[in-house]
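Novice: Can you keep this structure in mind? I'll have questions shortly.
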Amino acid sequence: MISDKVRVRFAPSPTGYLHVGGLRTALYNYLYAKKNNGVFVLRIEDTDQNRKVEGAVENLIKTLNWAGLRYDEGPVTGGEHGPYVQSERLDIYKEHADRLVKEGKAYYCFCSKERLELLRKEQEEKKLQPVYDKHCLKLSKQEIQEKINDGFPYVIRLNIRPNENVVVKDIIRGIVEFSTSTVDDQVLLKSDGFPTYHLANVIDDHYMKITHVIRGEEWLPSTPKHVLLYNYFGWEVPSFAHLPLLLNPDRSKLSKRQGDVAVESYAEKGYLKEALVNFVALLGWNAGDDREFYYLNELVDAFSLERVNKAGAVFDIQKLDWLNAEHLRKLDDATLAGMLKEELAAGELKDLIPGDETLLKIVSCMRERISFIKEIPVNAPYLFRKPDSYEEKGLQKGWKAETPAHLNEILPKYEALENPVKDDYERVLRETAESLGIGAGKLIHPLRLAVSGVSGGPGLFDIFDVIGQKEVVERIKTAVEKIRI
Ligand code: GLU
């Protein structure tokens with residue numbers, strides 16, 4: 001047995017940002033670990049020196065933490081099976097590649113780029129599978145030693161025996177069989193001394209005692225190579241679960257070209273982590289019913305690998321927006337007010353941030369009308385500052401010749417109120433309407449235009465309550481002076 005505990009890992013290459021597909025892989029690993037009282041490992045696969053990006057690891061950890069996916073072992077945190085960064089494990093890979101060479105399961109290859117290129121072209125012309133032709137396998141021990149002594153660059157390749165069957169047991173896909181004749185003599189160690197993904201991945205999964213390899217479908221074709229490596233080393237093969245591809249609505253592979261794929265950019269756009277995590281969880285999994293709203297801890301309870309689909313999962317941004325609104329509405333006013341404050345501080349209204357009590361009033365009257373916090377200042381700027389114009393259509397409908405006289409009637413009454421609360425504004429309005437012998441609407445519509453400049457939005461008395469008595473009076477006076485129809 002690899003381990004008596006479930007041990008899973010998320011093994012990203014640090015490319016600078018976390019892809020939403022990566023977030024899903026991390027999430028499923030996390031959920032599986034938590035559900036089974038297991039261990040969630042973060043391993044950084046940074047053996048491709050050309051793709052290295054400064055600060056990428058820090059950014060990755062920050063993003064995982066933001067999403068609430070805390071790993072149990074990994075860089076910074078540490079653990080018994082470290083180091084958890086592959087570039088710090090080069091000796092282990094080299095030693096194991098040498099071991100395979102000694103046992104005849106791998107071999108040195110000195111072929112030049114030019115020869116490999118030529119070979120590939122020939123095979124292409126003959127419509128053959130482009131695989132290495134084992135040319136260097138024929139070299140004698142002495143020839144090999146001479147070449148090494150002469151400083152010839154070399155790689156180490158896996159020696160795959162053709163015409164064998166490799167069986168991959170996948171929790172999601174069932175049994176997948178591959179013929180070794182279609183598997184290339186994979187390079188294990190590159191000429192720069194760094195391992196390839198395949199070698200490092202298998203060695204690390206073994207020594208980190210990974211029981212379940214949960215990763216994207218794009219790695220399925222590599223899995224026979226990995227199974228062969230486990231066999232060659234005499235190691236137990238972990239269980240595999242390959243997650244379905246993420247697709248654009250047109251069913252092409254989710255790509256940068258059709259929209260954002262970086263988790264960070266969703267965070268920047270104001271999506272809640274709860275919503276993004278919930279959304280990503282549903283990309284290829286459901287609990288067997290039509291429930292869609294989940295918190296992370298609820299996902300832990302509901303999740304199972306058996307219920308992950310094989311078919312590609314469509315990334316439907318409208319669903320994400322909907323989930324964002326749902327999650328937003330579940331947050332309490334104080335949390336929303338804090339978010340609004342932050343949002344305002346970063347925007348053009350930064351000098352007009354109201355006090356905490358007013359912020360609470362704002363979120364309370366706007367919460368059902370928004371999917372994103374940032375919509376508050378955009379949709380209702382009048383909650384923060386005077387309107388600078390009045391909506392033409394609204395005026396045509398709601399501002400009549402007698403309106404100024406009506407408003408002049410209510411103005412002194414509003415001015416006379418002492419520390420009014422919401423109900424006071426309403427009471428005065430109804431009394432005034434009655435004494436004028438008109439419907440309340442005849443006052444409500446023009447008043448709304450006067451204080452907000454527009455004809456839609458939260459309740460009129462909520463607006464009054466937010467902007468306060470002084471502002472209510474001033475805005476009505478200004479409107480009466482300015483509006484001419
Ligand atoms: N480093 C690979 C990646 O970037 C990991 C694949 C795996 O999980 O085996 O996705």
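Novice: Any chance segment 279-297 includes a residue that's part of a loop (DSSP other than H, G, I, E, B), at positive phi, buried (at least 19 other Cβ atoms within 10 Å of the Cβ) and not hydroxyl-bearing (Ser, Thr, Tyr)?
Specialist: Kept after step one, since they are part of a loop (DSSP other than H, G, I, E, B), are these residues of segment 279-297: 282-284, 286-295.
Applying the additional criterion that residues be at positive phi yields 284, 288.
Checking the rest, the ones that are also buried (at least 19 other Cβ atoms within 10 Å of the Cβ) come to 284.
Cutting the leftovers down to not hydroxyl-bearing (Ser, Thr, Tyr) gives us 284.
Yes; the residues of segment 279-297 include at least one that is part of a loop (DSSP other than H, G, I, E, B), at positive phi, buried (at least 19 other Cβ atoms within 10 Å of the Cβ) and not hydroxyl-bearing (Ser, Thr, Tyr).
Novice: Filter segment 371-383 down to the residues that are closer than 15 Å to residue 348 by Cα and open to solvent by 20 Å² or more (accessible area, probe 1.4 Å) and list them by number.
Specialist: Selection gives 374, 375, 377, 378, 379, 381.
Novice: Still on this structure, I have one more. For segment 59-82, how many residues are buried (at least 17 other Cβ atoms within 10 Å of the Cβ) and among the small types (Gly, Ala, Ser)?
Specialist: Within segment 59-82, residues that are buried (at least 17 other Cβ atoms within 10 Å of the Cβ) and among the small types (Gly, Ala, Ser) number 3.
Novice: Something else: Of the residues 434, 418, which is loosely packed, with under 14 Cβ neighbours inside 10 Å and in a loop (DSSP other than H, G, I, E, B)?
Specialist: Details: 434 fails: in a loop (DSSP other than H, G, I, E, B).
The unique qualifying residue is 418.
Novice: Let me ask something else about it. Consider residue 235 carefully, then state whether it is within 16 Å of the ligand (Cβ to nearest atom) and either small (Gly, Ala, Ser) or assigned to a loop (DSSP other than H, G, I, E, B) (or both). Spell out how you get there, then give the answer.
Specialist: Values: within 16 Å of the ligand (Cβ to nearest atom): yes; either small (Gly, Ala, Ser) or assigned to a loop (DSSP other than H, G, I, E, B) (or both): yes.
So residue 235 passes the test.
Novice: Continuing with the same structure: Note down all Cβ pairs under 9 Å where the first residue falls in segment 195-208 and is closer than 13 Å to residue 231 by Cα, the second is away from the ligand (no atom under 12 Å from the Cβ) and at pLDDT below 95, and they're at least six residues apart or on different chains.
Specialist: Taking only residues 6 or more apart or on different chains, the pairs are 206/2.
Novice: Checking residue 156 against (1) aliphatic (A, V, I, L, M); (2) within 16 Å of the ligand (Cβ to nearest atom); (3) out of contact with any Gly (no Cβ under 8 Å at 6 or more places or on another chain), which test does it fail?
Specialist: Only one criterion is unmet by residue 156, namely (2).
Novice: For a quick check of your reading: which strands (runs of 3 or more DSSP E) sit entirely within segment 1-119 and have at least 1 residues that are at pLDDT 95 or above and within 16 Å of the ligand (Cβ to nearest atom)?
Specialist: 7-10, 39-42
Novice: Residue 368 passes all but one of (1) more than 17 Å from residue 460 (Cα to Cα); (2) open to solvent by 80 Å² or more (accessible area, probe 1.4 Å); (3) part of a helix (DSSP H, G or I); which number fails?
Specialist: Among (1) more than 17 Å from residue 460 (Cα to Cα); (2) open to solvent by 80 Å² or more (accessible area, probe 1.4 Å); (3) part of a helix (DSSP H, G or I), residue 368 violates only (1).
Novice: What number goes with the only condition from (1) away from the ligand (no atom under 14 Å from the Cβ); (2) closer than 25 Å to residue 234 by Cα; (3) open to solvent by less than 80 Å² (accessible area, probe 1.4 Å) that residue 205 does not pass?
Specialist: (1)
Novice: Is at least one residue of segment 209-217 open to solvent by 30 Å² or more (accessible area, probe 1.4 Å) and in a loop (DSSP other than H, G, I, E, B)?
Specialist: So far as segment 209-217 goes, yes, one or more of its residues are open to solvent by 30 Å² or more (accessible area, probe 1.4 Å) and in a loop (DSSP other than H, G, I, E, B).
Novice: I would also like to ask the following. Checking residue 174 against (1) away from the ligand (no atom under 16 Å from the Cβ); (2) open to solvent by 80 Å² or more (accessible area, probe 1.4 Å); (3) closer than 30 Å to residue 40 by Cβ; (4) not hydrophobic (A, V, I, L, M, F, W, C), which test does it fail?
Specialist: (2)
Novice: Now for a separate question. Using the structure shown, decide if residue 156 is open to solvent by less than 20 Å² (accessible area, probe 1.4 Å), assigned to a loop (DSSP other than H, G, I, E, B) and in contact (Cβ under 8 Å) with a residue 40 or more places away in the chain.
Specialist: Details: open to solvent by less than 20 Å² (accessible area, probe 1.4 Å): yes; assigned to a loop (DSSP other than H, G, I, E, B): no; in contact (Cβ under 8 Å) with a residue 40 or more places away in the chain: yes.
No: the conditions fail for residue 156.
The values are calculated or read from the model by the stated rules, or taken from the named source; none is laboratory data. Fair warning: this is a prediction, and the values are worked out from it, not measured in the lab. In this analysis, Cβ positions are derived from the backbone assuming ideal geometry, glycine residues included, and neighbour counts consider all displayed protein chains. These area figures cover heavy atoms from the full protein model, side chains too; ligands, DNA and RNA do not enter into them. Shrake-Rupley method; radii C 1.70, N 1.55, O 1.52, S 1.80 Å.
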